[in-house]
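One structure is given here, and the rest of the page talks about it.
The values are calculated or read from the model by the stated rules, or taken from the named source; none is laboratory data. In this text, all values refer to a predicted model and were calculated from it rather than measured experimentally. Every residue, glycine among them, receives a Cβ derived from its backbone with ideal geometry; neighbour counts consider all protein chains shown. Heavy atoms of the whole protein, side chains included, go into the accessibility calculation; ligands, DNA and RNA do not. Shrake-Rupley method; radii C 1.70, N 1.55, O 1.52, S 1.80 Å.
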Amino acid sequence: MTAPAGTAIIDRTLEDLRAIEEKFREFMAKVRDLLEWVPGALESLIQPIIDLVNYVNEKFAQYQQAAQRLFTDVGDPDKLKQVGRQWIEEFSHTVDDIAGTLHLDKLKANIYWQGRAAETYKAAVPAQIDHLDSMKDLGEQMRDSLNNLANGIDSFWLAMKVIVGGLIAAIVSAILTAATVVGLPLALGIIAGAISMAVPAITGTVIAIETLLDVIETEQNSIQAKVDDLGDQWERTDTKTMSHPGDWRVN
C-alpha cells in the first residue's frame, strides 16, 4: 500500500536524517584512518587538521541537537486532512440537511395546528435554522483550520527535506574530497560550512511551524468560544404558551 503524499515525504526525510548520521560516521572513520598514516614526528604539522576535526565534531553536535526534535514531533498532515473532510461530510452536511427540513415551507406533518402554541413554534423555527447554519459554518471553519495546520506541516517537511538533502550532498562530497591527508582541510571545511548553514535553517523552520501552531491554537479557541456562545444563544420555545389545551387547535 502506497503511503499518502505527506506521510511519504516525512518518512523519506527521516530516512535522510538517519543517513546523515551514517555518512558522518563514515567520513570521520576515513579521517581517522588517514591521520593514523601520518608519522608521529609530523604530528605537529597536522595539528591544525586535528583542531579542525574537533571543530567539525562540535558543529555536528549542534546539528544533532537541532535535529533531535524532528524524530519525536513528526505530525500527520494526511490524518488532519482526513479529519477535516469528516467535519464536512459527517457534521456540516448533516446539520445542513437538518436545517433544510425545518424551513416552514418544507415542514411535513399529518396534522396542522393553529393557535398560540403554533404561532410560538413558528416564530422559533427561523432562529433555530440560523443557529444550525452557524453550526454548519463552524464545521467548515474547523475543516479550514485543520487543513491550514496540515499544509503547514507539509511545508515544514518539504523545507526540511531540502535542508537535509543539501547536508547529505555536502558530506558525500567531503568523503570524496578526503582521499588524502592533503584533501582533509578542504573536506572538513565543506562539512563545517554545510552544518553552519543547516543548523540555523533547521532552527528557523522549527520556529516557523511553532508560530503556525500558535495561530492554529488561537483559531481553535475562537471556534470553541463560538460553540459556547451558540449554546447560550440558542432559541428556546416559550412553553408557557403551549401548556393549556386551548393553545392548540387543529387547522
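Any idea which residue in the range 158-179 is most open to solvent (accessible area, probe 1.4 Å), counting only those that are among the β-branched types (Val, Ile, Thr) and closer than 14 Å to VAL199 by Cβ?
The residue in question is ILE163.
Please note which helices (runs of 4 or more DSSP H) are completely contained in the range 27-102 and include at least 3 residues that are over 30 Å from MET135 (Cβ atoms) and open to solvent by less than 90 Å² (accessible area, probe 1.4 Å).
47-67
Yes or no: GLU210 surrounded by 13 or more Cβ atoms within 10 Å (Cβ to Cβ) and over 26 Å from ASP51 (Cα atoms)?
Criteria not met by GLU210.
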